[in-house]
1. For the chain, what is the calculated [θ] at 222 nm in deg cm²/dmol (nearest 500), taking -39500 (n - 2.57) for each run of four or more DSSP H residues and dividing by its residue count?
2. For V94 and A116, compute 0.36 nm times the residue count separating them, minus their Cα-Cα distance, and round to one decimal in nm.
3. Go ahead and set up a Gaussian network model of the chain, Cα springs under 10 Å, then flag whichever of K78, K35, K111 fluctuates most.
4. Specify the residue with the greatest mean-square fluctuation among L37, L101, L27, computed from a Gaussian network of the chain linking alpha-carbon atoms under 10 Å apart.
5. What do you get for the angle between helix 77-91 and the principal long axis of the chain? Use alpha-carbon atoms, 0 to 90 degrees, nearest ten.
6. Report the FRET efficiency, 1/(1 + (r/R0)^6), for K54 and A25, where r is their Cβ-Cβ distance and R0 is 25 Å, rounded to 0.05.
7. Rounded to the nearest 0.05, what FRET efficiency do L12 and L44 give with R0 = 41 Å and r taken as the Cβ-Cβ distance? Could you check?
8. Looking at the chain as a GNM with Cα springs under 10 Å, which of L44, L12, L87 has the largest mean-square fluctuation?
Amino acid sequence: MTIGKKGEKQLLVQCLNALYGTMVASLLYYKKFVKSLRSKQFKLNPYDPCVANKQVDGEQLTVCFHVDDCKISHISPKVVSNTIDWLRSEYESVFEDGSGLMKVHRGKTHKYLGMALDFSH
């Protein structure tokens, strides 16, 4: 407990983990996520550091991400499923109330980061 310049009481704490929603937390998450992708031989796109690619079964697997929202694409649904399973094992935290489950949406149309993506044509 300290006293501020105007005489107000201030409680100072040191966080053991990054506080969600702060710039530091976002940067720490980005670094951890990129390290995970690189450990699986993904290469970051030199023009967009939130896009990672690798070749799987002779075809490109792409992960586009913004914080903890990902768009994964590959010609094989099985490769996408395997990638989702890996991400779940690395990042899914299920709490007692059931929150924390990753949500997966498949198909030709998606809403992603405020955009409507339509791959039906």
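Read the figures in this text as sums done on the coordinates, not as results from a lab. Source: prediction; values computed, not measured. All Cβ positions, even for glycine, are placed from backbone atoms using ideal geometry, and neighbour counts span all protein chains on display.
1. Working: 2 runs with 32 residues, N = 121.
Rounded to the nearest 500, it is -9000 deg cm²/dmol.
2. Numbers: separation 22, 0.36 × 22 = 7.92 nm, distance 2.84 nm.
Contour length minus Cα-Cα distance gives 5.1 nm.
3. K111
4. Top of the fluctuation ranking is L101.
5. With both axes taken from Cα atoms, the answer is about 20 degrees.
6. Numbers: r = 27 Å, r/R0 = 1.07.
Using R0 = 25 Å, I get an efficiency of 0.40.
7. On the way: r = 37 Å, r/R0 = 0.91.
The formula returns an efficiency of 0.65 here.
8. In the Gaussian network model the winner is L12.
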